[in-house]
Amino acid sequence: MLIRAADQQVAARLEADLWDLPGEVLSGPIHIWPGLRHDPEAMALDLQGSGYARVNKAVQPGDFQVNSDSLMVIRRPESGPGWQVPGGQVLVTFRDNKVASVSPESPAILPPTQLAGVRGAENEARTPRALQDFPEHLRHAVLAMEDARFYEHPGVSVVGIARALVTNVISGRTKAGGSTLTQQLAKNLFLSQERTFSRKANELLLAFALERELSKDEILALYLNEIYWGQSGGVAICGADQAARAFFGKPVDRLSLGESATLAGIISSPNAYSPLRHPEVAQQRRNIALQRMADEFWLDAEQVDAEQALDLEIIPGVQGRRAPYAVDTLLDEVEATLGQGAIAAQGLTVHSTIHPPLQRLAEQVLAESMAKLEAAYPRATGVQAALVTVRVSDGAVLAMVGGRDYGSSQFNRATLANRQVGSTIKPLTLLAAFDQDPELNTGTLLMDEPIVRKANGKTWRPQNYDGVFVGELPLRDAIAKSRNIPAVLLAELVGLGPLQEHLRALGLRGATALPSVSLGGFEATPMQLAGSYTVFPGKGVYAPPHLLRAAANQDGKVLLDREPTPTRQASARAAAMATSVLQSVIENGTGSRAARFGATGNIAGKSGTTDGYRDAWFVGFSSTLTVAVWVGFDANGSAGLGGSKAALPTWSRFLAGSGTTSGTFPTSRDVVEKDTCVSQDWVLGECSECRPELYTRGTAPVFSCSEPLGATEGIGELLERKRRESQSKDPVGPGEPAQPKPASKSRWPWKWKR
């Protein structure tokens, strides 16, 4: 009866899933290009997380070798949802902590790396492998240390049991000694760790049952996948493959002889002999294992001497969660659809869009900038921050930092903190205005003077941040210097209703149709703002930001697919003209300090500051990335700092390290450049300032800067005429701005006239 019960227990256990394999969160494929802030050790860490082997000389796919200023990797061809990594060798060189060159192609594409494991209640990390994946010297080392007669006994060693019995009698205590490898496997799969004679008896019955059910090779494979090898990063290391990754940074099939002997040597007490915590002891255990292999004639004396003479080199594997704010967001999104706990329960693989080098850069520059901000401005002590960067081409979120310290606050300000956006909204209004009226140009003269508006029975008197009105100025300067009154006039030109629709189509769902929308009087998250700005370098195409690419089960079946869906929201003409204006923000506007923090080249952006300095923003882009940075207090306190002081340094340092500022912004064949008079002495009829400005093709003036300008319809007159036309059809309250229809063509240049 006992034998039959053991057989049934073993059969049932082997028919079911032996282990709850953990789920995992992966980054996106890793692109490497010259200029990216990166170094060989950081790149090695990513490759280890991809299952690649760090070796002294790379010889086969899946190998890489690290030198002082270069890294060579031999890629394995592989693919996943929306990505493909070709095979072949890649050489990356480094200089001054940046990528200096990439060959044979640039950018090089490397496989995704693990950001986090998602484990069940047992909290075990395990990667099962077939017996042939375990090197012969590892199998011999384990057998030499644990059960040299494994292939000769029927599952139980009489000699071993007798030896253990004598030891127990002499010591007066019950010690579980004399176990064969099969007995150890039986204990791990079926029994507790208690040391009693009854448990030992059950262990014997189950060992015999295992031997009847499985071949010796199958038992050895199960053992090598099951055995516990200690703890790393608070996670139980189970199986030889996971141990190889944790201690030596490589999969099990790439272990050297000495590394295999080390793993075999620590099985009996893995935490006490851990190479991570006790490398000297682990080296002693390695030497013992090597000698035992020689005793069993699996090594000769020369091999033993050569290996024992080497120092034990430990290469810790990737530990803990990387990009923790992003990982939390991904888990929430997947489990909101597939069910709570589905990732761990089903062992799902979650494919993200995170780019590890940019993620590291974002975390580093945000921490650095906030520390310097607090040192320079004590009032900013304790301030929080968030950063999001989005790929222009498809909206992929490449880096996300939701706060200064995940350990002290897991609240993700990048996705959950809805804050007023302030002047970061002005470029999006400008885009709509350019798109709506081809007569508008970057040199159009606007007026900065007091205005009064009424909405919902309330009077609104917008002010400039400095309390000063400067009078007439060109549109380019109005945006670059972040003047509020011209922004209000542009919003009225577009129409508050159409402007609301435009902003919501760009992902800013909190946009209103109130006059205050023109100055960012509504809330959005950093992720939403970063996404909305893709419309500028994207030639009018908006790429909705997304962090999740797909989720797949262990068979590779995709259960969730978030394929990007960019949409056109403005003309390429309007985007090119607006981008040119935003470049002026960096050149001589509120973003002119960017160069102090290393950001030069083709970059553009806009600062934003809300009432009372509660929110500080800088949002902008290179040709391939958009970046949004927010700085403020969670409880709406004020550091007394605007976006150009509080947020711009982080934004600038990030773009400087991204290696993307040498790209070129897209242009449009519908845009022409012409020297334009933007400031004139109207008494003498002479131009006092002339500079290139952009026009829609066919609308540029025919006269030159040296010729006086005649009186033309100004933007103020245009607005008044449109209001009168609108009132005759759809009256509004006294003094309340109407929502005008698309503008009719007007003559160049507009000039406010009273």
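Going by what's in this entry, would R413 be described as of a type in the set (D, E, K, R), surrounded by 24 or more Cβ atoms within 10 Å (Cβ to Cβ) and in contact (Cβ under 8 Å) with a residue 24 or more places away in the chain?
Judged against the criteria, R413 is a match.
What's the number of the only condition in (1) in a strand (DSSP E or B); (2) of a type in the set (S, T, Y); (3) farther than 30 Å from Q500 by Cβ that T389 fails to meet?
Of the numbered conditions (1) in a strand (DSSP E or B); (2) of a type in the set (S, T, Y); (3) farther than 30 Å from Q500 by Cβ, the odd one out for T389 is (3).
Taking the options V66, V25, name whichever one is in contact with a helix residue (DSSP H, G or I) (Cβ under 6 Å, 6 or more places away or on another chain), without any contact (Cβ under 8 Å) to a residue 40 or more places away in the chain and either more than 23 Å from T624 (Cα to Cα) or of a type in the set (A, V, I, L, M, F, W, C) (or both).
After ruling out the rest, the residue left standing is V66.
For every residue, the table says whether it meets (1) touching a helix residue (DSSP H, G or I) at 6+ places or on another chain (Cβ under 6 Å); (2) of a type outside the set (K, R); (3) in a loop (DSSP other than H, G, I, E, B).
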residue	(1), (2), (3)
T182	yes, yes, no
L220	no, yes, no
Q231	no, yes, no
S268	no, yes, yes
L299	yes, yes, yes
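Give the residues of the stretch 120-159 that are modelled with pLDDT under 90, of a type outside the set (A, V, I, L, M) and out of contact with any helix residue (DSSP H, G or I) (no Cβ under 9 Å at 6 or more places or on another chain), sorted by residue number.
Correct list: E122, N123.
Of everything in the stretch 444-468 that's out of contact with any strand residue (DSSP E or B) (no Cβ under 8 Å at 6 or more places or on another chain) and closer than 16 Å to A513 by Cα, which residue is modelled with the highest pLDDT?
The residue in question is K458.
Are any of the residues in the stretch 243-266 surrounded by fewer than 18 Cβ atoms within 10 Å (Cβ to Cβ) and of a type in the set (A, V, I, L, M)?
no
Does L115 satisfy the criteria of being surrounded by 18 or more Cβ atoms within 10 Å (Cβ to Cβ), in contact with a strand residue (DSSP E or B) (Cβ under 6 Å, 6 or more places away or on another chain) and either assigned by TED's automatic domain parsing to the domain that holds V365 or assigned to a strand (DSSP E or B) (or both)?
In short, yes.
Do you know which residues across the stretch 622-654 are touching a Pro at 6+ places or on another chain (Cβ under 9 Å) and within 13 Å of T424 (Cβ to Cβ)?
T626, A628, V629, W630
Would the stretch 648-656 turn up any residue that is modelled with pLDDT of 95 or more, under 26 Å from V517 (Cα atoms) and not aromatic (F, W, Y)?
yes
Within the stretch 452-474, is even one residue more than 20 Å from T696 (Cβ to Cβ) and buried (at least 22 other Cβ atoms within 10 Å of the Cβ)?
no
For the stretch 215-254, give me each residue that is farther than 18 Å from G49 by Cβ and aliphatic (A, V, I, L, M).
Passing the criteria: I219, L220, A221, L222, L224, I227, A236, A240.
Determine the pairs where a residue that is of a type in the set (D, E), located within the stretch 333-352, has a partner that is buried (at least 21 other Cβ atoms within 10 Å of the Cβ) with Cβ atoms under 7 Å apart, the partner being 6 or more residues away or on another chain.
Sorted first by the residue in the stretch 333-352, then by its partner, the pairs are E333/L548; E335/I343.
All but one of (1) part of a helix (DSSP H, G or I); (2) buried (at least 24 other Cβ atoms within 10 Å of the Cβ) hold for P275, so report the exception by its number.
Status for P275: all satisfied but (1).
Go through the stretch 96-153 and give me each residue that's within 21 Å of P77 (Cβ to Cβ) and of a type in the set (A, V, I, L, M, F, W, C).
Answer for the stretch 96-153, where residues must be within 21 Å of P77 (Cβ to Cβ) and of a type in the set (A, V, I, L, M, F, W, C): V102, A108, I109, L110, A130.
Scan the stretch 406-430 residue by residue and report those that are in contact with a Gly (Cβ under 9 Å, 6 or more places away or on another chain) and part of a loop (DSSP other than H, G, I, E, B).
Result: S409, Q410, F411, N412, R413, A414, T415, L416, A417, N418, V421.
For A130, indicate whether it is assigned by TED's automatic domain parsing to the domain that holds G230 and loosely packed, with under 15 Cβ neighbours inside 10 Å.
It is true that A130 is assigned by TED's automatic domain parsing to the domain that holds G230 and loosely packed, with under 15 Cβ neighbours inside 10 Å.
Of the residues that make up the stretch 631-645, is at least one part of a strand (DSSP E or B) and either aliphatic (A, V, I, L, M) or touching a Phe, Trp or Tyr at 6+ places or on another chain (Cβ under 9 Å) (or both)?
For the stretch 631-645, residues part of a strand (DSSP E or B) and either aliphatic (A, V, I, L, M) or touching a Phe, Trp or Tyr at 6+ places or on another chain (Cβ under 9 Å) (or both): present.
Evaluate the stretch 619-626: report whether one residue or more is under 28 Å from K98 (Cα atoms), in contact with a helix residue (DSSP H, G or I) (Cβ under 7 Å, 6 or more places away or on another chain) and among the small types (G, A, S).
yes
In this structure, is L489 in contact with a helix residue (DSSP H, G or I) (Cβ under 6 Å, 6 or more places away or on another chain), outside the structural domain of G608 (by TED's automatic domain parsing), buried (at least 21 other Cβ atoms within 10 Å of the Cβ) and not in a strand (DSSP E or B)?
When the stated conditions are applied, L489 does not pass them.
Without any contact (Cβ under 8 Å) to a residue 12 or more places away in the chain, surrounded by fewer than 24 Cβ atoms within 10 Å (Cβ to Cβ), in contact with an Asp or Glu (Cβ under 9 Å, 6 or more places away or on another chain) and not small (G, A, S): does that describe T381?
Yes; evaluated as a whole, the condition is true for this residue.
What's the total number of residues in the stretch 358-398 that are within 13 Å of T626 (Cβ to Cβ) and either out of contact with any Leu (no Cβ under 9 Å at 6 or more places or on another chain) or not aliphatic (A, V, I, L, M) (or both)?
Within the stretch 358-398, residues that are within 13 Å of T626 (Cβ to Cβ) and either out of contact with any Leu (no Cβ under 9 Å at 6 or more places or on another chain) or not aliphatic (A, V, I, L, M) (or both) number 5.
Given the structure, is S580 assigned to a strand (DSSP E or B), over 30 Å from L338 (Cα atoms) and among the hydroxyl-bearing types (S, T, Y)?
When the stated conditions are applied, S580 does not pass them.
Find the residue count for the stretch 289-308, including only residues that are among the charged types (D, E, K, R), surrounded by 15 or more Cβ atoms within 10 Å (Cβ to Cβ) and without any contact (Cβ under 8 Å) to a residue 60 or more places away in the chain.
So the count comes out to 1.
Restricting attention to the stretch 501-552, which residues are in a helix (DSSP H, G or I), surrounded by 20 or more Cβ atoms within 10 Å (Cβ to Cβ) and without any contact (Cβ under 8 Å) to a residue 60 or more places away in the chain?
Q528
Among the numbered conditions (1) assigned by TED's automatic domain parsing to the domain that holds R149; (2) touching a residue at least 12 places away in the same chain (Cβ under 8 Å); (3) not aromatic (F, W, Y), tell me where G320 comes up short.
It is condition (1) that G320 fails.
Out of (1) over 20 Å from K250 (Cβ atoms); (2) part of a strand (DSSP E or B), the odd one out for S106 is which?
(2)
Could you please let me know if Q84 is part of a strand (DSSP E or B), closer than 17 Å to P107 by Cβ and more than 23 Å from the chain's Cα centre (by Cα)?
Here the answer is no, as Q84 does not meet what is asked.
The values are calculated or read from the model by the stated rules, or taken from the named source; none is laboratory data. All values reported here derive from a predicted model rather than from experimental measurement. Positions of Cβ are backbone-derived with ideal geometry, glycine not excepted, and every protein chain shown enters the neighbour counts.
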